[in-house]
Structures are given as C-alpha cells and as structure tokens.
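Report on the following structure.
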C-alpha cells in the first residue's frame, strides 16, 4: 500500500484543520459556488439555456471521473504537495516537477488576472456606479484577499467556511425565488436544446468544477487524515453541484432575458421581485470569486513548501507581495493583462491536470492491482481535460 503523509512546517501551519473547515474550503474553492451558479454557468449555456437543468445534471456526471481519481489518490496520499505528490508517487520526481511547473504557472497567472476580472468586469457589471473607482477596487480587492490568506490558518478557514455557507444560503434563496416566479413544473420541462449543443454546454460547465482539487494541498493539515480529506472533498463538491442544479432549474424557464444578462443571477432575482436578494447575490458573487483566489493562494504556499522546504509563513509573505504588486502593476493596462494572462493560464491548467490523470493507472496498479475501472476513470478524466484544452483554444484564442 502506498501511503504518504507530510505536514508543512513553519508559521501557523502546525494548526489542525477540522473536517468541517476542509469541507467549507472545498465548497468555496469549487467555482466558487455562487459565482459558478449565477455568472459562469449561465455564461456557457448559449442556445442550451432552455435545457439548463439537464445541462447541469450532465455536467455533474461528466465530472465524476476526475473527482473519483482525486479521491482514489487521497485514499493513500495526503501532503502539502497535493497533486504534485500524487504524480511524484505515481511516476517519479521528474514528471511531478513538470506537472508542478505547469500548475504553478497557471495559478500564479490566475491570481493576478482574476483580481483584475473582479475589479474591472464583475463588480462594475453588477454595480455600474463602481466603474469610476475600478483602480481602487483592484488594489483593495488584492489587499483583502491577502489579509484572509496570510491569517492563521484556523482563522482563515473560519472566515472561508462562513462565507461558503452564506454563498450556499444565497443560492438556495435564489433557487426558491426563481422557482416561485417561473413555476417548478414549467422550469423542469424547459425548452430542449439540440443534443450536441446541450452536451457542449455540459462539458463547458463540467470543467468549471476543476478548482475543487485546490483543498488537496492542505490535506496533511486535516484532522482525521485521509478519511476526512476524502469525505470533505466529496461532500464539498456535491454541495456545489447541487447548488448549480438548483439554480439551473428556474434558469431554464427564465429565458434569454435572464441568462443573457451581464449577471444572470441578479437578473433572475430582480425578475422574481426581490431586489435586495439581487444586490446580495451580486456582492456574494464577487466574494465567491475572491475566495477561489484565497484557496489558490493557500494551495500555492503548500506546494511551495513541498518543493523547497521553506516555511509556509515565509512563502505566504512572498506570494502576498507578488499578488499586491502584480495587481498594482496591471493597472497600467488592465484589459491587456487580463487578455494576455487568461489564455495561457487555462492551457497550463488543463495540461497540469492531464498529467495527474495520465499517470493515475500506474499508481492504481501498484495500490489495487491492474483494474479496467482505473484505466476507464483515467481516460474519462483525461478526456475532460482535453476537452477543456480544446474549448480554450477554440473559444478563447484569437478573441
């Protein structure tokens, strides 16, 4: 049996994370759930908006192979290296270093351009009055993210878990309001899309769950070890998948006026007659995206520790400086920064995850013996990452 468990040293990272906090982190990292349900998911529906409920369900099914592969790895491996450690155990250090290089490249770029997205795209789209203060929003958002990310880990996860729970509550309130407005039977029926269109939308929705792997980098710090990590990961992802399905049902009946809006979740709440809920959803969606950045920050520091042996607290300070200075520097040309960083970040992400799935059969063969199911899981997970790569190239490059 292959078992790896290493706890990061340095700073406050000796603290133990509860299973509930780990689950909360998974919820926050997967999307985050509110932004995924009310902004990103409607944004990929296109002509399949009338089949939003079915698209969300199929998307959840399509993501099961990656989730099951991560869970299988986690049955024997927990450590600050996260996915890097998975690959190291399965295929050796050289391949693992390649995977880590791709992964770090992806998320370092993501840290900077996503702050720009929040300040220059998301918040002004929700609240147009903020357009004139976008530079202040950018620097302020970066500082708030850093403040949470460098806090003692228990305090940071208390904040993250509380905000994750609030996101889920807002999704539930929006789903209920949308159901009451559209009528559940009509929403469940929806207008069927062409199967190819619906499947494409489902694939593009499924890859939005990919950041669910971020909490794995904190696996060695979780009380209860491998069992808690696996249960927290599974339940956290399931909560987010259910949230997307819950909002998708009324979205299916709301029509293009809602799904085609700048912020579909706010449009749905407004159309349902709940302007206060619309405001809360808008603010919550921005917080949702910011918490994904926090999760990435925490994961990067743990991976940095695994690669260099340096204390997590030291790496946190360095990364905080990179995030704040990078966000400030991007003010020179925010649009170009976003456009230039977004595409290579996604390409590196799909390639990094593809390595994890490609070497999984080697790991599984040593742990469980040769089984067709493990090859099938790796193939399904790898195919989804290849789809993500194809979708990025076809839909993003050259735009």
| request: Taking every pair of Cα atoms in the range 111-153, average 1/r, invert it to obtain the Kirkwood radius, and report Rg/Rh to two decimals. | output: 1.05
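With a 10 Å radius around each residue's Cβ, average the other Cβ atoms per peptide and rank 23-35, 209-221, 102-114, 372-384, highest first. Let's see the in-between values first.
On the way: 23-35: 29.1, 209-221: 26.1, 102-114: 20.9, 372-384: 17.5.
My ranking of the peptides, most packed first, is 23-35, 209-221, 102-114, 372-384.
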| note | Once both label points are put 7 Å beyond Cα along the C-beta direction, the residue 390-residue 194 separation in nm becomes 1.6 nm
| Label point at residue 373 placed 7 Å out along Cα→Cβ; residues across the range 47-91 whose backbone nitrogen lies under 19 Å | 61-77
| note | The alpha-carbon pair-distance distribution computed for the range 71-136, with 10 angstrom bins and whole-percent values, is 19, 29, 19, 18, 14, 1
| Over all distinct Cα pairs, what is the inverse of the mean 1/r for the range 235-287, reported as the Kirkwood hydrodynamic radius in Å? | 11.6 Å
| query | Extension gain residue 121-residue 162, at 0.36 nm per residue separation less the Cα-Cα distance, in nm? | reply | 12.2 nm
| query | Taking the radius of gyration and the Kirkwood hydrodynamic radius from Cα positions alone, what is the Rg/Rh ratio for the range 35-173, to two decimal places? | reply | 1.02
| How big is the equivalent ellipsoid of the chain along its three axes, where each semi-axis is √(5λ) from the Cα gyration tensor, reported in whole Å from largest to smallest? | 32, 25, 19
| said: Running a GNM on the chain with Cα contacts under 10 Å, which residue among 128, 250, 275 ends up with the highest mean-square fluctuation? | reply: 128
| Given a Förster radius of 35 Å and the C-beta distance between residue 94 and residue 130 as r, what FRET efficiency does 1/(1 + (r/R0)^6) yield to the nearest 0.05? | 0.15
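How would the range 125-257 be classified by its alpha-carbon gyration tensor: rounded, prolate or oblate, with rounded meaning a/c under 1.5 and the a/b versus b/c comparison settling the rest?
Values: a/c = 2.08, a/b = 1.34, b/c = 1.56.
Judged from the Cα gyration tensor, the range 125-257 comes out oblate (a/c at least 1.5, b/c at or above a/b).
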| request: Assuming 1.306 mPa s and 10 °C, estimate D for the range 253-399 with Stokes-Einstein, Rh taken as the Kirkwood radius over Cα pairs, in µm²/s. | output: 82 µm²/s
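Out of all Cα-Cα pairs in the range 294-366, roughly what percent, to the nearest whole number, are more than 19 Å apart? Walk me through the numbers on the way to the answer.
Working: 1493 of 2628 pairs.
The proportion of pairs with Cα distances above 19 Å equals 57 percent.
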| What angle, in degrees between 0 and 90 and rounded to the nearest 10, separates the Cα long axis of helix 134-149 from the longest principal axis of the Cα atoms of the chain? | 40 degrees
| request: Note the full-extension length gain between residue 227 and residue 366 as 0.36 nm times their separation in residues minus their Cα-Cα distance, in nm to one decimal. | output: 48.0 nm
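Throughout, read-outs are computed from the coordinates displayed, never taken from laboratory work. All values derive from a computational prediction rather than experimental measurement. Neighbour counts run over all protein chains shown; Cβ positions are idealised from the backbone, glycine included.
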